[in-house]
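Report on the structure given below.
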Amino acid sequence: MTSTLIRISVLMLVSSPCTSMKRGNDTASNFSCRSGHSCGRHGYSYTWCYTDPNNSWDYCCDTNCTYGDDNGLRCYSGKLNLFCGNPGTKTALGKSCRSSHTCGNHGFVYYWCYTNDSWDYCCHPGTKCNIREEGMTDTYCSASTFRIKAAYLTKCTTLK
């Protein structure tokens, strides 16, 4: 991993472009459904799809991706309450994610993706690389899936 992660609790309010976005044919974790297999119930009480030729699968959202009571981006798949959100295709340090693994929560409480040589943290959707704490010379963003409690600050470059 190439970025520096600082576990710190700070109050941070950010807006997100995901506040009313349905996931469409992307999963809650931000994987694309594989060709020929779109999001659907497929015999289960939740919505899901296969994401690759090896039959890996992920949940899809039935509802819009909005902030829940815990201020994390959430959606429902059937009765399951899931983290969701699309922070893009670049890591916090500006590295490109693999085309098959864009930034997403991918089952964790922070956003991340695989790069060509490793993995790295991604900034929360809608955040900017502008957090500076006293004594810090570098710039940080929140990689946390939560909007207010930025528990995961990661070193970052200026995002455009």
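The values are calculated or read from the model by the stated rules, or taken from the named source; none is laboratory data. Note that the coordinates shown come from a computational prediction; the quantities given were computed from them, not determined experimentally. Note that we place each Cβ from the backbone using ideal geometry, even for glycine, and neighbour counts take in every protein chain shown.
Among the residues of region 131-160, write down those that are of a type outside the set (Val, Ile, Thr) and at pLDDT 80 or above. If you could, list the steps in order and put the result at the bottom.
The first filter runs over region 131-160 and keeps only residues of a type outside the set (Val, Ile, Thr), leaving 132-136, 138, 140-144, 146-147, 149-153, 155-156, 159-160.
Residues satisfying the conditions are Asp138, Tyr140, Cys141, Ser142, Ala143, Ser144, Phe146, Tyr152, Leu153, Lys155, Cys156.
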Residue satisfying all of: in region 28-48; under 18 Å from the mean Cα position of the chain (by Cα) and farther than 22 Å from Asn116 by Cα; modelled with the highest pLDDT among these: Trp48
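Yes or no: Thr47 at negative phi, among the hydroxyl-bearing types (Ser, Thr, Tyr), assigned by TED's automatic domain parsing to the domain that holds Cys33 and free of Cβ contacts under 8 Å to residues at least 60 places away in the same chain? Show your work before the answer.
Working: at negative phi: yes; among the hydroxyl-bearing types (Ser, Thr, Tyr): yes; assigned by TED's automatic domain parsing to the domain that holds Cys33: yes; free of Cβ contacts under 8 Å to residues at least 60 places away in the same chain: yes.
Considered against the rule, which asks whether it is at negative phi, among the hydroxyl-bearing types (Ser, Thr, Tyr), assigned by TED's automatic domain parsing to the domain that holds Cys33 and free of Cβ contacts under 8 Å to residues at least 60 places away in the same chain, Thr47 comes out as yes.
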Could you count how many residues in region 58-73 are surrounded by fewer than 17 Cβ atoms within 10 Å (Cβ to Cβ) and either over 22 Å from Cys123 (Cα atoms) or over 16 Å from the mean Cα position of the chain (by Cα) (or both)? 2
Would you mind telling me which numbered condition in (1) surrounded by fewer than 15 Cβ atoms within 10 Å (Cβ to Cβ); (2) closer than 20 Å to Pro125 by Cβ Asn55 fails? (2)
Taking only region 74-111 into account, find how many residues are more than 15 Å from the chain's Cα centre (by Cα), buried (at least 17 other Cβ atoms within 10 Å of the Cβ) and under 17 Å from Cys39 (Cα atoms). 2
Counting only residues that are among the aromatic types (Phe, Trp, Tyr) and under 14 Å from Ala28 (Cα atoms), how many does region 94-136 have? 4
